[in-house]
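Okay, so here's the structure we're looking at.
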Amino acid sequence: MTIAATTKVPPKRSFARGVHPDDAKSLSAGSPVEVLPMPKSVLIPLSQHIGAPCESKVKPRTEIAVGDVLGDSDAFVSAPVHASVAGATAAATVVTLPNGQHVGAVPITASDQQPLAGRALWDDIYGGDWPTGTIDSFEPEQIAEAVRNAGIVGMGGATFPTHVKLARNPDKPIDTLIINGCECEPYLTSDYRLMLEAPEPIIAGALLAARAAGAERIIVAIEDNKPDAIEKMRSSAAGAGVEVVGVHTRYPMGGEKQLIVAVMSREVPTGGLPLDVGVVVVNVATAAAVARAVLRGKPLTHRIISITGEGVVSPKNILAPVGAGYAALIEYCGGLTDEAGRVISGGPMMGFALGDLDTPVTKGTSGVVVLTEEQTRKAEETACVRCGRCVDVCPLGLVPTRIALAARNMDWEMARRYYITACCECGCCAYVCPAEIPLVQLIRAGKAGMPRD
Amino acid sequence: MGEEEEKTEQVAPVLSVAPGPHISAARSMRRVMIDVLVALVPAAATGVYVFGWRAGMQMGVCVVSCMFFEALFQKLRKRPQTIGDLSAAVTGLILGLSIPWTAPWYVGFIGSAAAILIAKMLFGGLGSNIFNPAMAGRAFVQACFASEMTTYLLPGKIGPPRAVEIISQATPLAAGKFEQVAYNLQDLAIGTVNGSVGETGAIACALGGLYLIFRRSASWRIPLGMLAAAAVVAGINQALTDTVMTVGHHLLAGGLVFGAFFIATDPATSPLSSRGRWIFGVGTGVLVMLIRLFANVPEGVMYAVLVMNMTVPLIDRWTVPKPVGGRVQK
């Protein structure tokens with residue numbers, strides 16, 4: 001399905017190479033967001049972002065309310081974490097997140113008396129009015145400060161602290177803010193449901209973020225496999241000075257660098273950031289969180305999560321508190337089917353397989369995809385025959401098989417010659433490799449293992 | 001989730017953990033090789049049609065021998081068997097298609113041994129070989145059995161070449177080079193001329209090659225670069241000399257089309273990047289023509305491919321593609 005008449009933006013709305021996995025979104029796309037019944041307890045990691053971890057600011061056995069600060073850090077690239085439920089804290093512990101990080105975490109036992117639940121909780125977070133008339137009364141620094149204090153990080157999965165992106169840098173002026181509604185990972189529908197059910201806070205958040213960053217132009221980019229979301233966002237954006245464009249459905253369209261090429265025809269320099277080309281990219285859920293933080297003074301404590309895949313009994317989209325266990329979410333969706341073979345935090349391309357279902361969800365958890373054993377079965381790794389398919393699909397124009405070979409041999413000179421640090425680990429190469437070489441894993445290990453210069 | 005965890009503990013683990021991506025669109029190596037075998041069917045069928053059952057024998061001997069030698073090597077080295085990936089069968093079929101139908105059976109057998117044992121397995125097996133195994137094997141038997149490998153008889157006339165009918169028995173390229181006789185272009189296109197078993201039918205080879213490209217099992221840049229470069233050199237030759245061999249003759253005769261689609265495209269022995277593939281294709285095409293025009297042999301595909309194989313590491317090193325965002329790392 002392509003959208004006609006979305007060619008307001010002259011660029012080609014796509015990027016070179018990439019792959020076209022089956023988007024599998026129909027499993028959960030039709031399910032309106034449900035509010036997760038209050039779990040008995042949550043476990044809130046003190047680091048849910050890229051940057052300095054937070055230090056715990058609460059003592060064990062303290063009564064706390066929703067939104068109380070649990071952890072914070074003095075570092076600039078960091079984001080505080082807040083209580084997502086009312087209750088009593090227990091002694092801090094350590095939890096292993098799906099990405100393998102061991103981080104401190106504060107357990108909270110939920111009290112019976114929660115201020116908001118069910119529909120009221122939804123209305124508090126995404127419902128009601130989102131007046132955009134007062135946005136010019138906020139100073140840019142004021143917005144960035146509110147975003148920091150609300151602990152907002154990139155909710156598309158990268159979890160980079162948002163206030164850092166929005167902070168103005170006199171050397172690198174920003175002209176355009178891209179609101180990322182691509183959701184290019186197969187299966188995931190949390191951003192899609194948000195755009196359908198709560199477009200107003202996204203638009204309000206986009207205007208606030210643009211004011212903070214100094215961007216004159218705001219573009220909401222949505223893959224054209226979601227025509228109704230494009231339509232909905234467009235009608236909400238009418239008159240607000242926000243452009244909504246459909247971009248081609250091609251993985252990894254939601255990657256910042258690919259998206260900037262698609263809607264702006266600008267190339268982020270190798271090793272650089274979007275701000276080097278005057279662009280900031282913010283996910284739709286992040287934008288909505290910005291609106292809530294600035295207009296309602298509320299921190300980021302809940303998010304929409306897709307629980308989907310052929311291994312889940314009834315796939316759903318759920319509004320869940322940060323810190324709820326994956327097990328609780330899956331249970332709410334009827335549990336795993338007999339064929340379930342792998343539980344993935346995030347999408348099937350870049351997500352992490354879970355070893356322990358009692359792990360808590362974080363601010364960056366956009367979905368849980370449960371695949372069947374058959375879907376994940378892989379043939380044994382064989383030798384590279386240099387077929388070049390990885391080269392043909394790499395969205396960054398790299399030669400994945402050579403980088404992986406260099407990483408495997410720990411030949412760092414060769415790894416650099418083939419631009420190992422430019423790799424965004426999107427997984428296109430491994431997705432198509434007929435020899436089943438774990439290219440992404442090798443490259444990731446190489447990046448971690450190579451000496452810093 | 002208590003139930004799930006109990007299950008996990010009691011029986012074999014229900015949930016697996018592995019790095020992403022967790023889904024795959026990969027066609028297996030075997031599937032890629034089957035594509036090549038299917039793509040070779042038109043060329044093989046033309047060979048059998050033109051030369052008779054002995055053409056089929058050459059292919060059969062080479063396919064079976066190549067698989068036998070690979071199995072033998074893995075057995076001796078106590079390594080897992082790899083003939084299931086069918087790459088040995090592809091090597092065998094290409095080798096069988098590139099020798100004359102008149103050659104005795106042991107030519108194919110020995111060629112297969114050289115191709116698999118020396119050119120492929122000693123270098124580390126599939127993907128690690130420097131030279132195209134089929135061409136290396138062919139070069140080996142060309143050196144060992146010079147007369148058997150260059151004796152092209154018309155079908156049904158097994159025996160020493162007779163002085164009369166030398167033109168009709170010569171390959172089109174030899175006739176053009178040494179006798180100044182040009183073949184009918186239509187015969188060259190269909191393949192009703194003399195030559196190695198599978199190379200004579202230009203249209204059949206191109207059909208199979210297009211299938212390979214359509215299936216994305218071969219690069220399109222290498223054949224296009226090779227054919228275009230050969231056409232340009234042949235065109236220059238046609239314009240500057242009084243040769244009877246036109247561009248069409250050079251394109252359709254001999255093993256050029258067969259080699260462009262099936263030999264030069266061997267991924268293990270050709271460059272990785274698109275720029276590298278252009279260079280490789282053009283280089284091979286030019287070399288083929290230089291050998292045809294200036295060397296003392298009528299055909300140059302085999303030597304051109306083998307020479308270009310040696311340049312692949314260098315081409316790869318020189319053609320690291322520019323990443324999106326430019327070369328300078330910030």
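The values are calculated or read from the model by the stated rules, or taken from the named source; none is laboratory data. Predicted model only: the values in this text are computed from it and were never measured. So basically every Cβ, Gly included, is an ideal-geometry build from the backbone, and we count neighbours across all protein chains shown. Just so you know, the surface numbers come from the protein's heavy atoms only, side chains and all, with ligands and any DNA or RNA stripped out. Shrake-Rupley method; radii C 1.70, N 1.55, O 1.52, S 1.80 Å.
Filtering A:V35, A:V9 for residues that are away from chain B (no Cβ under 14 Å) and at pLDDT below 90 leaves a single hit, A:V9. Restricting attention to region A:108-133, the residues being open to solvent by 70 Å² or more (accessible area, probe 1.4 Å) and in a loop (DSSP other than H, G, I, E, B) number 6. Restricting attention to region B:317-325, does a residue exist that is at pLDDT 95 or above, assigned to a helix (DSSP H, G or I), within 14 Å of chain A (Cβ to nearest Cβ) and surrounded by fewer than 22 Cβ atoms within 10 Å (Cβ to Cβ)? No. Please specify each residue of region A:25-39 satisfying the condition of being within 18 Å of A:G334 (Cβ to Cβ) and either outside any loop (DSSP other than H, G, I, E, B) or of a type in the set (A, V, I, L, M) (or both). Selection gives A:S26, A:L27, A:S28, A:A29, A:V33, A:E34, A:V35, A:L36.
In the set (1) modelled with pLDDT of 95 or more; (2) more than 23 Å from A:P400 (Cα to Cα), the condition left unmet by B:L240 is number (1). Please find, within region B:204-252, the residue that is surrounded by the fewest Cβ atoms within 10 Å (Cβ to Cβ) out of those that are β-branched (V, I, T) and over 30 Å from B:M29 (Cα atoms). Per the stated criteria, the residue is B:T241. Per the conditions (1) open to solvent by 10 Å² or more (accessible area, probe 1.4 Å); (2) part of a loop (DSSP other than H, G, I, E, B); (3) not acidic (D, E), the sole criterion not satisfied by A:G151 is (1). Annotation: A:A379 fulfils all but one of (1) within 10 Å of chain B (Cβ to nearest Cβ); (2) surrounded by fewer than 23 Cβ atoms within 10 Å (Cβ to Cβ); (3) at pLDDT 90 or above; the unmet one is (3). Of all the criteria given as (1) of a type outside the set (K, R); (2) assigned to a loop (DSSP other than H, G, I, E, B); (3) more than 8 Å from chain B (Cβ to nearest Cβ), the one not satisfied by A:V370 is (2). Taken over region A:256-289, residues that are within 14 Å of chain B (Cβ to nearest Cβ) and either hydrophobic (A, V, I, L, M, F, W, C) or not in a helix (DSSP H, G or I) (or both) amount to 17. You will find that of B:R54, B:R30, the residue that is modelled with pLDDT of 85 or more and under 30 Å from A:I443 (Cβ atoms) is B:R30 and no other. Within region B:176-189, residues that are on the phi < 0 side of the Ramachandran plot reach partners that are open to solvent by 80 Å² or more (accessible area, probe 1.4 Å) with beta carbons closer than 6 Å, at six or more positions or on different chains, in the pairs B:A189/B:I203. Among the numbered conditions (1) surrounded by fewer than 20 Cβ atoms within 10 Å (Cβ to Cβ); (2) modelled with pLDDT of 95 or more; (3) within 14 Å of chain A (Cβ to nearest Cβ), the only one that B:W278 does not meet is (1). Which condition breaks for B:V50 when tested against (1) within 14 Å of chain A (Cβ to nearest Cβ); (2) farther than 20 Å from B:I83 by Cβ? That leaves (1) as the condition not met.
Does B:D35 satisfy the condition of being modelled with pLDDT of 90 or more and under 30 Å from B:A253 (Cα atoms)? Spelling it out, B:D35 is indeed modelled with pLDDT of 90 or more and under 30 Å from B:A253 (Cα atoms).
Can you say whether A:P60 is outside the structural domain of A:A158 (by TED's automatic domain parsing), more than 20 Å from A:K363 (Cα to Cα), assigned to a loop (DSSP other than H, G, I, E, B) and not polar (S, T, N, Q), as far as the supplied structure shows? Yes, satisfied.
What number of residues within region A:67-82 are surrounded by 19 or more Cβ atoms within 10 Å (Cβ to Cβ) and touching a residue at least 60 places away in the same chain (Cβ under 8 Å)? The qualifying residues number 5. Checking each residue in region A:282-301 for being closer than 18 Å to A:L196 by Cα and open to solvent by 10 Å² or more (accessible area, probe 1.4 Å) picks out A:N283, A:A289, A:R292. Consider region B:28-47 and keep the residues that are in contact (Cβ under 8 Å) with a residue 60 or more places away in the chain and within 14 Å of chain A (Cβ to nearest Cβ). The one that is farthest from A:G347 (Cα to Cα) is B:V36. The residue pairs whose first member lies in region B:135-162 and is open to solvent by 60 Å² or more (accessible area, probe 1.4 Å), whose second member is polar (S, T, N, Q) and at pLDDT below 85, and whose beta carbons are closer than 7 Å, counting only pairs six or more residues apart or on different chains, are B:P161/B:T151; B:P161/B:Q169.
Restricting attention to region B:220-261, the residues that are among the polar types (S, T, N, Q) and assigned to a helix (DSSP H, G or I) add up to 2. If you scan region A:184-231, which residues turn out to be open to solvent by 20 Å² or more (accessible area, probe 1.4 Å) and within 23 Å of A:H302 (Cα to Cα)? Residues satisfying the conditions are A:C184, A:E185, A:Y192, A:R193, A:L196, A:E197, A:E200, A:L207. Please enumerate the residues belonging to region A:320-365 that are at the interface with another protein chain (Cβ under 7 Å from one of its Cβ atoms), of a type in the set (G, A, S), within 23 Å of A:A158 (Cα to Cα) and surrounded by fewer than 24 Cβ atoms within 10 Å (Cβ to Cβ). A:A327, A:A353, A:G355 - these are the residues of region A:320-365 that are at the interface with another protein chain (Cβ under 7 Å from one of its Cβ atoms), of a type in the set (G, A, S), within 23 Å of A:A158 (Cα to Cα) and surrounded by fewer than 24 Cβ atoms within 10 Å (Cβ to Cβ).
Residues of region B:125-134 that are open to solvent by less than 30 Å² (accessible area, probe 1.4 Å) and either over 13 Å from B:A115 (Cβ atoms) or among the hydrophobic types (A, V, I, L, M, F, W, C) (or both): B:G127, B:A134. On the stretch given as region B:72-106, residues that are within 14 Å of chain A (Cβ to nearest Cβ), open to solvent by less than 20 Å² (accessible area, probe 1.4 Å) and either in contact with a Gly (Cβ under 6 Å, 6 or more places away or on another chain) or of a type in the set (A, V, I, L, M, F, W, C) (or both) total 2. Within region A:421-452, being closer than 17 Å to A:G271 by Cβ, out of contact with any Asp or Glu (no Cβ under 9 Å at 6 or more places or on another chain) and facing chain B (nearest Cβ under 10 Å) holds for A:T421, A:A422, A:C423, A:E425, A:C426.
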